[in-house]
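The values are calculated or read from the model by the stated rules, or taken from the named source; none is laboratory data. Source: prediction; values computed, not measured. Positions of Cβ are backbone-derived with ideal geometry, glycine not excepted, and every protein chain shown enters the neighbour counts. Accessible surface is based on the protein model in full, side chains and every heavy atom, while ligands, DNA and RNA are left aside. Shrake-Rupley method; radii C 1.70, N 1.55, O 1.52, S 1.80 Å.
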Amino acid sequence: MAARRERTHYLYLAVIAAVVLGIAVGFAAPDVAKGLKPLGTGFVNLIKMMISPVIFCTIVLGVGSVRKAAKVGAVGGLALGYFMVMSTVALAIGLVVGNLLQPGAGLHITAETRAAGEQQTEGASEGTADFLLGIIPKTLVSAFTEGEVLQTLLVALLAGFALQAMGRAGEPVLRGVGHVQRLVFRILAMIMWAAPVGAFGAIAAVVGSTGVDALKSLAVIMLGFYATCVVFVFAVLGGLLRLVAGVSVFALFRYLAREFLLILSTSSSESALPRLIAKMEHLGVSKPVVGITVPTGYSFNLDGTAIYLTMAALFVAEAMGQPLALGDQISLLVFMVIASKGAAGVTGAGLATLAGGLQSHKPALVDGVGLIVGIDRFMSEARALTNFAGNAVATVLIGTWTREIDKERAAEVLAGRAPFDETTLLDDGHGPAGEDAAAADAPARTAGRPTGAEEPTGH
């Protein structure tokens, strides 16, 4: 096992080297670098291919093995309430910083920029009613074929509750889903070996496309956005995590370091979703809490996106010479946060949401979206990292509030004494498959208990 872990250590060193090499190629040969974009796109698509089966298996196993449906409802309600509060806090912080910095002052719009802004409205989010109807898949299996996270979540919840109602008759199905989940995570582990290639292509393409000159005039909003995200993550989320769970945010992020690196290189928080599910279960958070909180958080816990939309909207308004009054700012940004649900992990979705919000509230400002296009890819990385950090912290907090976390197990994991199996994503009985053979034979017996309490914590 130690030798296999050592190989995965070299894999992530290779990712770092690939990022550095991609930056060098982007500056040295921009035209060549632009042609490497499909490498990054292909890797992210491979990861996205696995998201629906990962979410389905995780939720079915978590919900199906819980004795009382009310328990799942309590977890979901608590999670949604927390997400709404934190999104509001992120919105307020972005609003304050944006008004203090006034990053768009002094910039001028061009014809080319107007065209870029108009182009973004084509991919803008639709209304709230369309969003809600979009949660319902056309068929039971179309949620998997179309890769819709919320549709998969709905189908998995229905299947989980159905198996829960079946009692012992549903146990063979639960065991089967457990075996399928092990297969899914084994495939995912194979895909991860393509991470260096994907990181190289993604970074090279964006550096080759934007270069340094395009960033100079926009450095204020970029640095302001980064600083705001850092303050929110370490001061707000970190303080809450220490106060509620007694866990250091630095220890948690060190445990999730490879996931942060993956997001940084691909600019997509979805690329780390399956690994976050696996690692939170390994940390000692129970399956129902992980299964409900993580997938739901990817659509509703948009801390980084809320900060981005706030600052970007103020930036565009000032650059267009049409500053927004406080009332207009609040109504516009609340609309955009609602409209962005379900698009948290998609690269470029924030830009489309920004354009859509401006189009519906103040069409005269849409042309200014083109000012953001050049640096959106760099802001997308910070946005994805912040969203991921928010979901990781939320999972620990919800587990603590519902008493569904094994604190002794968490302490062992964060201290490095119970390492995660990076090779297979299956950590010797505590991993995403959820149970070893013994636990799989009696899912009802282990239902509702923290993952770390199901078996001895040692390896």
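A few notes on this one:
- Residue that is least open to solvent (accessible area, probe 1.4 Å), among those in the range 296-318 that are within 13 Å of ILE398 (Cβ to Cβ) and assigned to a helix (DSSP H, G or I): GLY297
Yes or no, residue by residue, for (1) among the aliphatic types (A, V, I, L, M); (2) on the phi < 0 side of the Ramachandran plot; (3) surrounded by fewer than 19 Cβ atoms within 10 Å (Cβ to Cβ):
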| position | (1), (2), (3) |
| --- | --- |
| GLY224 | no, yes, no |
| ALA227 | yes, yes, yes |
| VAL236 | yes, yes, yes |
| TYR255 | no, yes, no |
| PHE260 | no, yes, yes |
| ILE263 | yes, yes, no |
| SER268 | no, yes, no |
| LEU276 | yes, yes, no |
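- Checked against (1) open to solvent by less than 40 Å² (accessible area, probe 1.4 Å); (2) under 19 Å from PHE250 (Cβ atoms); (3) at pLDDT below 90, PRO419 passes all but condition (1).
- Pair list, Cβ under 7 Å, 6 or more apart: the range 235-249 residue more than 16 Å from VAL285 (Cα to Cα), other residue open to solvent by less than 40 Å² (accessible area, probe 1.4 Å) and among the polar types (S, T, N, Q): ARG242/SER248
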